[in-house]
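This report concerns only the one structure given below.
The values are calculated or read from the model by the stated rules, or taken from the named source; none is laboratory data. Treat the numbers as computed from the prediction; the structure is a model and nothing was measured. Because the Cβ atoms are built from the backbone with ideal geometry, glycine has one as well, and the counts that use them run over all protein chains shown.
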Amino acid sequence: MIDDADRLLLARALELAERGARTAAPNPLVGCVIARRGTVVAEGWHIRPGEPHAEAMALAVAQEGARDATVYVTLEPCAHHGRTPPCSDALIAAEVGRVVVLSNDPAPHASGKGLLQLVDAGIPVDVVDDDDPLAIAARRQNAGFRSAMTLGRPHVTCKAAQTLDGRTATWSGDSRWISGVEARARVHELRARVGAVLVGSGTALTDDPELTARDCDPPVEQQPLRVVWDRSARLGAASRLAQTVSRGPVLLLCAPGADASRRAAVAETGIEVVEVADLAAGLEVLHARDIQSVLCEGGAGLAGALHGAGLLDRMIVVVAPKLLGDPLAPGLLGETGTSATQMADAMSLAAWSSETIGDDLWIDAWLREPR
């Protein structure tokens with residue numbers, strides 16, 4: 001059982017894990033706090049693959065202070081040899097007195113093994129209940145990692161801005177700018193945290209976006225992979241994506257049999273071209289490259305296709321205090337193939353929250369919780 005003091009230290013461990021949000025992938029985000037009678041002895045977090053895990057960082061700081069102390073960790077300690085030694089071995093060697101864990105490791109080769117090893121060594125282990133808000137926060141924090149381990153594909157978040165009457169662009173396709181400066185800055189921070197940013201050919205051709213994470217504090221170490229779902233390979237050499245390949249890689253996913261001359265013209269710009277049968281196959285390509293999280297910034301057509309294929313996990317919708325007043329203008333989702341005819345059959349969200357950013361309302365909706 002955990003008490004209020006435990007909860008405070010677990011919340012701190014979640015904060016520490018966030019420090020690896022841009023760099024830890026494809027490893028999970030993990031934070032660790034070592035405390036003795038409620039007083040923090042050491043803290044740790046995982047920064048990037050090949051560097052010490054959160055527990056190892058904290059133990060190195062704690063030294064002898066870890067003996068008989070309580071260790072709070074956001075993810076089950078690993079028990080396998082990877083780029084670094086097992087954390088369960090290190091905790092046992094340090095003779096810690098208790099371990100409190102917020103979430104299990106979903107990786108098939110690791111799940112449950114670290115906990116079992118600690119228990120076999122006589123160390124008391126408390127695992128926070130799955131429905132506890134802190135445990136839910138821990139799973140969401142590693143949504144990409146958990147999706148890769150349990151679904152074999154990246155976690156997909158669709159971000160869109162809309163007017164108060166639910167329009168994401170004018171009938172002609174103009175969408176700059178629906179949301180305000182503050183919300184757009186938040187989107188750049190989202191880009192800095194994901195492995196790939198995805199748009200459809202319509203957005204790529206109409207908006208001509210660059211899709212890099214810019215003006216972030218601190219500046220990004222590595223840009224996300226920029227991906228275009230362009231079945232006919234229509235992206236031109238004059239596009240911003242083609243002109244900025246030197247700033248970060250661009251991948252174009254086209255349909256099998258797309259015009260060879262178009263594919264060759266795109267490839268000449270430095271953009272990688274890969275043929276895929278559908279969106280699910282496109283996500284498989286990204287998964288094979290250790291990309292665990294995708295931010296879709298495409299239009300209604302792409303968002304609807306992802307939702308219809310059961311590939312959309314989360315939606316971030318920015319609602320601006322504007323009225324377009326055009327019933328022909330596009331909404332959030334295009335054709336999904338799953339539309340409900342009765343309100344009782346409408347899809348319910350797993351969870352949602354909202355906050356005000358500048359003049360806009362930022363809605364964060366989870367279609368499904370990470371496993």
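Some notes on this structure:
- For Leu253, the conditions (1) among the hydrophobic types (A, V, I, L, M, F, W, C); (2) assigned to a helix (DSSP H, G or I); (3) free of Cβ contacts under 8 Å to residues at least 40 places away in the same chain; (4) touching a strand residue (DSSP E or B) at 6+ places or on another chain (Cβ under 8 Å) are fulfilled apart from (2).
- Restricting Ala344, Ala329 to those that are assigned to a loop (DSSP other than H, G, I, E, B) and either at pLDDT 90 or above or of a type outside the set (Ser, Thr, Tyr) (or both) reduces the list to Ala329.
- For the residues Ala260, Ala281, the requirement of being under 28 Å from the mean Cα position of the chain (by Cα) and at pLDDT 90 or above singles out Ala281.
- Residue in segment 1-10 that is nearest to the chain's Cα centre (by Cα), counting only those that are in contact (Cβ under 8 Å) with a residue 12 or more places away in the chain and surrounded by fewer than 17 Cβ atoms within 10 Å (Cβ to Cβ): Arg7
- Test: Leu311 is more than 19 Å from Ala255 (Cα to Cα), buried (at least 17 other Cβ atoms within 10 Å of the Cβ) and assigned by TED's automatic domain parsing to the domain that holds Arg167: no
- Of all the numbered requirements in (1) small (Gly, Ala, Ser); (2) modelled with pLDDT under 95; (3) touching a helix residue (DSSP H, G or I) at 6+ places or on another chain (Cβ under 7 Å), Gly50 misses one, and that requirement is (3).
- Residues that are among the basic types (Lys, Arg) and farther than 17 Å from Leu151 by Cβ, drawn from segment 261-314: Arg262, Arg263
- Matching helices (runs of 4 or more DSSP H) fully within segment 113-216 where at least 3 residues are surrounded by 15 or more Cβ atoms within 10 Å (Cβ to Cβ), in contact (Cβ under 8 Å) with a residue 60 or more places away in the chain and of a type in the set (Val, Ile, Thr): none
- Residue within segment 177-194 that is acidic (Asp, Glu) and under 19 Å from the mean Cα position of the chain (by Cα) present: yes
- Test: residue in segment 30-44 that is touching a residue at least 60 places away in the same chain (Cβ under 8 Å), within 24 Å of the chain's Cα centre (by Cα) and closer than 21 Å to Gln222 by Cβ: no
- Any chance Gly337 is touching a Pro at 6+ places or on another chain (Cβ under 9 Å), of a type in the set (Gly, Ala, Ser) and surrounded by fewer than 16 Cβ atoms within 10 Å (Cβ to Cβ): no
- Residue in segment 217-238 that is nearest to Arg146 (Cα to Cα), counting only those that are among the aliphatic types (A, V, I, L, M) and assigned to a loop (DSSP other than H, G, I, E, B): Val220
- When residues of segment 36-45 are limited to those that are surrounded by fewer than 23 Cβ atoms within 10 Å (Cβ to Cβ) and of a type outside the set (S, T, N, Q), the one nearest to Val73 (Cα to Cα): Glu43
- Some residue of segment 73-80 being within 16 Å of Ala35 (Cα to Cα) and aliphatic (A, V, I, L, M): yes
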